1. Using Cα positions and a limit of under 22 Å, work out the lysines in reach of Lys188, with same-chain residues fewer than 8 apart set aside.
2. Can you give the three extents of the C-alpha atoms in region 64-168 along their principal axes, from longest to shortest, in whole Å?
3. Can you give the alpha-carbon Rg of region 139-293 over 2.2 N^0.38 Å, where N counts its residues?
4. Compute the distance from the alpha-carbon center of region 180-208 to that of region 84-157, in whole Å.
5. Can you list the residues, at least 5 places off or on another chain, whose amide H is less than 5 Å from the amide H of Val151, using H built in the peptide plane?
6. Long-range amide H contacts for Leu239: which residues qualify at under 5 Å (H placed 1.01 Å from N, peptide plane, sequence gap of 5 or more or a different chain)?
7. In debye to the nearest 20, how big a dipole does region 224-278 give about its Cα centre with +1 on each Lys and Arg Cβ and -1 on each Asp and Glu Cβ?
8. Counting only Cα, what are the radius of gyration and maximum Cα-Cα distance Dmax of region 97-145, in Å?
Amino acid sequence: MSRFLDEARRAEFLRRRQPGDRRELLPARRSGPRSFRVLSVASNKGGVGKTTLAANLAVYLRALREDLPILVLNFDDQTVLDAMFAVSDECEGRNLVAAMREGTFASALRLGQYGVHYVPSSREVSDLKRIADAPLRLENALERTGWRGLVIVDTKSDLEILTQSAIAASDLVLIPVPNGPALREAGKIFELLEGWQWPRERARIVLSMVDRRIKYAEGESRDVLALLLQEIRRLDYPLFETFLSSSPKVASLQTNIEGRFVSILHGAPRSLVHRQMHHLAEDVLKILEQTPVRGA
């Protein structure tokens, strides 16, 4: 049924497209349900907490669902995720770039900390732009891998082909937004979904690193949270009810003598952000459970 609807939307889109309209629907996927679900964290704005959100969601989701295999992929050129999940500093074996060139992650998968699988990151990930010439590149690689479980993708701060590939493979896209500029950039992801003729609900905003100490002297919105909520509702963007507070304690979890990236669950279990992350992970699971498997 999903494949039929995709084809119907494609036909209607092409019929109604005006001359000069360059928007394109994604290529049709293969028939049959996927054995995996994909959750990507994306924003065209840097410094919004994408990596912190992606890494910690993997840990919390694994803790909530020990029967759910979780694989983390890093499309950024930073190696922070390796600092969270790598068991050792060994660099042997295939990394993300090699796996994407091969078209499968099967030989690059590693079991890391907290029971989360990962593929070693690469600082040369930008080189993949030369071969990732189609938005379905990641989905096709995951199909060949045969992964059964959830895939979480941390993306680069852009909307170029690798990020589009992550979004195109996703059942759900999380867009972290801590401020007004990030909210304006979030609109570009919803525009991308619209160009693909996908529903807005495929993506949801997560208010992150919210500092409620920021106050305003005038207007109905007395703090930054209220102001952001007011604007999001005006724009009618899908939104998670749970938000993530700004926290010096959480920021410190990325800076230690061992050079590790400690999870909020293990490094700040008594913090407000721990409770917020727990609620967010529960909400993510509910949404994924209510979303039909792609291709079914």
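Coordinate-derived values only; no laboratory data. Values in this document were obtained by computation on a predicted structure and should not be read as measured data. Cβ sites come from the backbone with ideal geometry, for glycine too, and all protein chains shown count toward neighbours.
1. Lys45, Lys50, Lys129, Lys156
2. Reported extents, whole Å, longest axis first: 34, 27, 24.
3. Against the compact-globule rule of thumb, the ratio is 1.15.
4. 24
5. Residues meeting the criterion, in which the H sits 1.01 Å from N, are Arg37, Val38, Leu39, Leu71.
6. Distant-sequence amide H within range of Leu239: Ile205.
7. 160
8. Cα radius of gyration and Dmax of region 97-145 are 11.4, 34 Å respectively.
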